[in-house]
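Please treat every number below as a calculation from the coordinates, not as lab data. Keep in mind that this is a model prediction, so the values were computed, not measured. Glycine gets a Cβ as well: all are built from the backbone with ideal geometry, and neighbour counts include every protein chain shown.
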């Protein structure tokens, strides 16, 4: 979220938008990044366990993450329109879980949502908090096709670094201090 850590609400679903997957796009993505026959050959895919051409799971993920990044950028404008100052989003330390629940087929329109399900101050990076997010994708029939638990950093607005931490960071920059401390 491009909101300060303190301003991020839990359990609010953010609509990231939707995307309609076309056969040509599925084949193009498959050929470039995941060239399995059920992603690139409609005729051969008819005889697969999917019963037809399906989008690569990574295609589904890529579209959702692109929509998420676009929504994060738009969040800055939303916060400003509300009279606030946007926060600072940080990197993601990773994905804790990723599930592909149902195949995405040509013609499917998949809608994505992001929900912040938890948050806590970072134990390792002063002045930052961790946001725990649920990213979900549903097709036009309401069927869940993809779900992931993501983690992202968000800067704390009112963080004041404790003197003890400032001193430790300053001492860590003193040349030769580590060598002297080991003796």
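Is it the case, given these coordinates, that residue 61 is assigned to a strand (DSSP E or B) and in contact with a strand residue (DSSP E or B) (Cβ under 9 Å, 6 or more places away or on another chain)? For residue 61, the condition - assigned to a strand (DSSP E or B) and in contact with a strand residue (DSSP E or B) (Cβ under 9 Å, 6 or more places away or on another chain) - is not met.
Yes/no per residue for (1) closer than 25 Å to residue 6 by Cβ; (2) over 11 Å from the mean Cα position of the chain (by Cα); (3) free of Cβ contacts under 8 Å to residues at least 24 places away in the same chain:
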| position | (1), (2), (3) |
| --- | --- |
| 103 | no, yes, no |
| 128 | yes, yes, no |
| 143 | no, yes, no |
| 152 | yes, no, no |
| 163 | yes, yes, yes |
| 169 | yes, yes, yes |
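The set of residues from the stretch 98-140 being touching a helix residue (DSSP H, G or I) at 6+ places or on another chain (Cβ under 8 Å), in a loop (DSSP other than H, G, I, E, B) and buried (at least 18 other Cβ atoms within 10 Å of the Cβ) comprises just one member, 104.
Being in contact with a strand residue (DSSP E or B) (Cβ under 7 Å, 6 or more places away or on another chain), closer than 25 Å to residue 140 by Cβ, surrounded by 13 or more Cβ atoms within 10 Å (Cβ to Cβ) and without any contact (Cβ under 8 Å) to a residue 40 or more places away in the chain holds for only one residue in 29, 38, and it is 38. Could you please let me know if residue 95 is outside any helix (DSSP H, G or I), touching a strand residue (DSSP E or B) at 6+ places or on another chain (Cβ under 8 Å) and either without any contact (Cβ under 8 Å) to a residue 40 or more places away in the chain or closer than 30 Å to residue 121 by Cβ (or both)? Answer is yes for this residue. Scanning the stretch 44-61 for any residue that is within 30 Å of residue 128 (Cβ to Cβ) and surrounded by fewer than 17 Cβ atoms within 10 Å (Cβ to Cβ) turns up at least one such residue.
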